[in-house]
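*Asks:* Take a look at the following structure, please.
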Amino acid sequence: MDAVDLARWQFAIVTVYHFLFVPVTIGLSAIVAWFQTQWVRKHRDEDQRLASFFGRIFLINFALGLVTGIVQEFQFGMNWSDYSRFVGDIFGAPLAIEALASFFLESTFLGLWVFGRGRLPEKLHAATMWAVHIGTLLSAYFILTANSFMQHPVGFRFNPTTGRAEMTDFLALLTNPVQLVTFPHTVLASYMVGGAVVMGVGVWRLLQAKKGAPDVLDATTGSAATSDAHMYRRAARVGALVTLVAGLAVAVSGDVQGKIMTEVQPMKMASAEGLYESSTGGAPFSLLTVGSLDGQSEKFSVTVPGLLSFLATGSVNGPVKGINELKASYQATYGASGNPLVADSAYVPTIPVTYWSFRLMIGVGMLAALGALVVLWTTRGGRTPSPSGRRASVWRWSALAIPFLPVFGNSFGWIFTEAGRQPWLVFGLMSTKTGVSPSVPAWQVLTSMVVFTLLYGVLAVVEMRLVISAVKAGATPVEDLPDRDDDNAPLAYAY
Amino acid sequence: MELTTVWFILIAVLWTGYLTLEGFDFGVGMLLPVLGRGTDTADTERRHRLLLNTIGPVWDGNEVWVLTAGGATFAAFPNWYATLFSGFYLPLLLILVALIVRNLGFEYRHKRDDLSWKRRWDAAIIVGSALPALLWGVALTNIVHGVPIDASREYTGNLFTLLNPVGLLGGLTFVAVFLTHGALFVALKTDGPIRAEARAIATRTGVVAAVLALALLGTLGAERGGALSWVASGVAALALIGGLVANLRAREGWAFIGTFVAIAGTVAAFFLLLFPDVMPSSLDPAWSLTVTNASSTAYTLRVMTIVAAIFTPLVVAYQSWSYWVFRRRITVAQIPA
């Protein structure tokens with residue numbers, strides 16, 4: 001592997017890893033803030049208990065999202081310095097704004113939420129978590145502005161004197177059509193993740209609580225275990241509702257996104273299906289394919305007629321351009337231009353990667369939404385799943401597995417988006433291989449890749465263990481807060 | 001004023017924010033084994049927790065200053081960002097790893113009631129605070145001192161190029177100054193025996209810091225100094241010495257302001273030494289990166305100036321407020337079980 005391959009692998013590894021934690025942060029911050037607000041409004045113990053309980057899980061996750069985010073900010077310059085020089089005039093701005101407008105907000109107000117309970121007035125305390133959530137949304141907006149430019153560059157011109165792309169219209173950058181559909185799609189997918197975490201943990205705890213006191217659901221007269229069951233059942237339902245509603249909205253926003261993608265990056269849509277020959281209408285979409293995806297050999301696939309046309313154009317009879325036609329046109333436009341920045345041998349992404357990541361994204365997302373539907377149905381009107389029997393263990397395992405479905409759905413979505421952009425770094429402007437740092441030898445890239453991979457691997461184990469023990473410990477009772485005016489009172493929260 | 005100059009100053013401000021704030025939490029991290037040492041295991045644990053809780057609510061916000069400095073450099077001076085980050089590859093890798101384990105140490109240390117778990121994260125916090133303190137000093141000093149940059153704006157040295165005597169002097173100075181700054185922060189934020197111990201430590205590390213800082217600012221000043229940079233260096237030196245005197249008189253607030261101003265003055269001196277270069281080339285001055293040849297377009301700088309004018313005062317306001325919320329001194333007696 002040369003420095004280009006290594007830098008690409010490193011980017012893939014650290015970015016996919018970082019984005020395991022980001023959607024949890026976005027989604028869960030909103031739900032924790034919501035429970036915290038419910039506590040302020042109604043002073044029911046269970047709201048504060050749920051806010052603290054899911055807050056603990058949130059913090060374990062946030063810590064890893066934060067530290068892996070620092071790597072992201074640095075690695076454009078470290079591994080992709082020629083890219084940084086070429087687009088810095090445009091791409092640097094949203095990154096700087098993200099740090100200034102969002103990272104400060106998130107980190108400062110999270111400190112206030114964690115350490116400020118009992119020190120800040122209740123309403124203000126709840127508001128700090130909303131500030132964190134707003135910070136996560138701003139962060140998503142600006143980083144997606146940067147990414148959308150790479151998918152579909154707007155608001156710029158190429159300056160032949162300086163040899164770089166330069167910003168001409170900041171507003172156009174912020175309202176890039178790709179950005180306007182990617183932002184809701186990404187944020188909604190993150191709400192699915194937050195919902196699924198609360199749902200899965202809620203169901204698992206509910207079964208535990210019910211083992212202690214089966215089939216008693218009256219929270220006012222029951223024992224501690226039954227009121228716990230009431231609380232966790234509510235958590236499971238809140239999580240399931242969020243997952244389901246967000247899931248439906250993800251599907252709608254994804255559909256709109258597909259049409260815009262077909263307009264601005266037709267190769268990505270063709271590669272999502274592995275459609276080699278252009279279709280004049282009624283292009284089918286395959287649910288799965290056995291065999292090669294190189295367009296040459298015979299294969300077995302299960303297809304839905306007209307679905308690809310529908311996804312790409314909104315009509316089952318819409319024409320869809322195929323890989324071969326697009327490849328020929330890119331070769332004529334870019335290959336023949338003599339510009340080394342846009343020269344490539346093929347202009348085609350790695351089809352098995354785009355094909356399968358696209359399907360897996362949709363598949364695991366739908367499965368998560370379906371799971372949410374089952375949870376809502378099973379818990380309707382005060383019902384709960386039985387805590388004993390063979391079914392119960394299926395429930396337990398499903399509860400633990402379900403948060404991972406939308407998390408991986410997010411991963412597959414980004415793998416599709418980024419792999420489907422290849423060989424471009426910035427579509428039509430710069431190929432990936434021309435963006436790496438010329439002064440960094442391959443062994444250094446390899447060193448950092450090995451270091452990050454090993455470190456991240458260990459940290460994943462540490463994080464999972466901490467989350468599991470937090471879930472096993474369950475929600476703690478609401479403690480009395482120390483007197484706010486007493487300087488010598490014990491700290492309400494301490495490391 | 002030229003927009004490139006405005007952004008040069010803004011980036012100096014961001015580094016000032018970073019080093020004055022994270023400087024003390026690096027110091028507190030490095031002082032864990034010293035100020036955290038108690039009479040027995042239980043006492044040691046209480047002291048460790050006290051120290052970590054002095055910076056608990058604020059360290060994360062402090063660290064964002066460096067992310068913003070990095071992002072702002074990318075936006076305003078892409079060539080500076082590209083040359084610096086690709087050139088200083090291995091030190092930055094070490095800094096990243098150090099910050100990762102340190103930050104997780106803060107967040108994960110208290111998650112398990114297990115002494116060996118806590119000791120491991122303590123080590124992560126100590127090393128993760130000392131290494132970036134040292135390496136930021138080495139890196140920033142080398143930027144001012146000049147590093148080999150060729151005609152195509154690429155760094156041609158390696159890790160050992162940066163570990164020259166002046167660079168190492170810079171690294172050690174940062175460590176000593178941050179130790180002092182951190183000790184004074186502990187003296188300001190705690191009460192009980194640890195408060196007086198922190199002052200005593202600050203006096204000892206402060207003398208070393210003063211000697212190193214004078215040597216560093218003198219060396220760099222002799223290389224490239226102008227009237228303004230000498231003034232800034234003078235302010236830094238006087239503030240540091242003033243802070244140490246205040247500390248001897250147990251005036252902790254003034255002492256902390258002293259090290260705070262000393263760090264700010266040092267950053268100001270560094271940037272004044274640089275201007276109008278941002279990364280001078282030691283090979284040929286014609287190959288140096290300057291505020292002009294490294295900068296973004298006037299349009300981008302205008303956009304970013306508006307954004308910075310809106311958000312920077314906001315950030316300063318709410319971050320200051322969070323310091324106000326957590327202004328009380330804390331004692332070991334207040335650490336919950």
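*Asks:* Sequence neighbours fewer than 8 away in the same chain don't count; with that in mind, list the lysines whose C-alpha is under 21 Å from residue B:111.
*Replies:* By straight Cα distance, residue B:111 reaches A:472.
*Asks:* Compute the distance in nm between two label points, each set 7 Å from the Cα along the Cα-to-Cβ direction, one at residue A:486 and one at residue B:254.
*Replies:* About 3.6 nm separates the two model spin labels.
*Asks:* In whole Å, what are the extents of the protein assembly as shown along the principal axes defined by its C-alpha atoms, from largest to smallest?
*Replies:* 83, 79, 41 Å, listed from the longest principal axis down.
*Asks:* Taking the number of other C-beta atoms within 10 Å as the exposure measure, put B:81, A:493 in order starting with the fewest.
*Replies:* Ranked by crowding around the Cβ, least crowded first: A:493, B:81.
*Asks:* Using Cα atoms only, what is the angle between the long axis of helix B:193-224 and the major principal axis of chain B, expressed in degrees (0 to 90) to the nearest 10?
*Replies:* Long axis of B:193-224 versus the principal axis of chain B: about 10 degrees.
*Asks:* For the pair residue B:196 and residue A:256, what calculated FRET efficiency results from E = 1/(1 + (r/R0)^6), where r is the Cβ-Cβ distance and R0 = 51 Å, to the nearest 0.05?
*Replies:* 0.20
*Asks:* Residue-wise, which Karplus ³J(HN,Hα) couplings in Hz belong to the range B:272-288, taking 6.51 cos²θ - 1.76 cosθ + 1.60, θ = phi - 60°, and x for glycine or proline?
*Replies:* These are the phi-based 3J(HN,Hα) values: 5, 5, 6, 3, x, 6, 10, 8, x, 8, 7, 8, 7, x, 5, 8, 5 Hz.
*Asks:* State the answer as a single residue: which of B:326, B:71, B:207 lies farthest towards the positive end of the charge dipole of the protein assembly as shown, with beta carbon charges of +1 for Lys and Arg and -1 for Asp and Glu, about the Cα centre.
*Replies:* The one lying farthest along the dipole's positive direction is B:326.
*Asks:* What FRET efficiency comes out for the pair residue A:366/residue A:16, r = Cβ-Cβ distance, R0 = 25 Å, nearest 0.05?
*Replies:* Here the calculated transfer efficiency is 0.75.
*Asks:* Label-point separation (nm) for residue B:337 and residue A:465, each offset 7 Å from Cα along Cα-to-Cβ?
*Replies:* 2.6
*Asks:* If you don't mind, there's one more thing I want to ask. Could you run the Karplus curve 6.51 cos²θ - 1.76 cosθ + 1.60 with θ = phi - 60° over the range A:324-339 and give me ³J(HN,Hα) per residue in whole Hz, x for Gly and Pro?
*Replies:* In residue order, the calculated couplings are 5, 5, 5, 4, 4, 6, 5, 4, 5, 6, 8, x, 8, 6, x, 8 Hz.
*Asks:* As a check on your grasp of the helix formula, calculate [θ] at 222 nm for chain A: sum -39500 (n - 2.57) over DSSP H runs of n ≥ 4, divide by the residue count, round to the nearest 500.
*Replies:* Helix contribution divided over all residues of chain A: -23500 deg cm²/dmol.
*Asks:* Okay, which of the range A:120-155 sit inside 13 Å, backbone N to the point 7 Å along the Cα-Cβ direction of residue A:339?
*Replies:* Of the residues in the range A:120-155, A:153-154 have backbone N under 13 Å from the label point off residue A:339.
*Asks:* Report, in debye and to the nearest 20, how large the dipole of the range A:7-147 comes out about its Cα centre when Lys and Arg carry +1 and Asp and Glu carry -1 on their Cβ.
*Replies:* Result for the range A:7-147 is approximately 440 debye, rounded to the nearest 20.
*Asks:* Using the 10 angstrom Cβ neighbour count as an exposure proxy, how do A:1, A:361 rank, fewest first?
*Replies:* With the sparsest Cβ surroundings first, the list reads A:1, A:361.
*Asks:* How about residue A:259: which aspartates and glutamates have a C-alpha closer than 16 Å to its C-alpha, ignoring those fewer than 8 places off in the same chain?
*Replies:* A:273
*Asks:* Need the list of lysines near residue A:123 for cross-linking: C-alpha distance under 18 angstrom, and skip anything on the same chain fewer than eight residues off.
*Replies:* Cα-Cα hits under 18 Å: A:42.
*Asks:* Same structure again: So if R0 is 45 Å, what FRET efficiency would residue A:378 and residue B:314 give, r being the distance between their Cβ atoms, rounded to the nearest 0.05?
*Replies:* Details: r = 47 Å, r/R0 = 1.03.
Plugging the Cβ-Cβ distance into 1/(1 + (r/R0)^6) gives 0.45.
*Asks:* Rounding to the nearest 10 and keeping the result within 0 to 90°, find how far the Cα-based axis of helix B:59-76 lies from the longest principal axis of chain B.
*Replies:* Approximately 10 degrees, to the nearest 10.
*Asks:* Only four residue types carry charge here, +1 at the Cβ of Lys and Arg and -1 at the Cβ of Asp and Glu. Report the dipole size of chain B about the Cα centre in Debye, rounded to the nearest 20.
*Replies:* Dipole size: approximately 1000 debye.
*Asks:* What is the spin-label model distance, in nm, from residue B:286 to residue A:391 if the labels are put 7 Å beyond Cα along the C-beta direction?
*Replies:* Rounded to a tenth, the inter-label distance reads 8.4 nm.
*Asks:* Could I ask something else about it? With the Cα gyration tensor of chain B giving a ≥ b ≥ c as the square roots of its eigenvalues, does the rule (a/c under 1.5 for rounded; else a/b larger than b/c for prolate; else oblate) give rounded, prolate or oblate?
*Replies:* Because a/c hits 1.5 or more and a/b exceeds b/c, chain B counts as prolate.
*Asks:* Ranking B:204, A:49, B:327 by Cβ neighbours within 10 Å, fewest first, what do you get?
*Replies:* So the residues, fewest neighbours to most, are B:327, B:204, A:49.
*Asks:* What angle do you read, to the nearest 10 degrees and between 0 and 90, between the alpha-carbon axis of helix A:122-151 and the longest principal axis of chain A?
*Replies:* Approximately 10 degrees, to the nearest 10.
Here, each number is a calculation from the coordinates, and none is a lab measurement. Here the structure is a predicted model, which means the values were calculated and not measured. Here the Cβ is made from the backbone with ideal geometry for all residues, glycine too, and neighbour counts use every protein chain on show.
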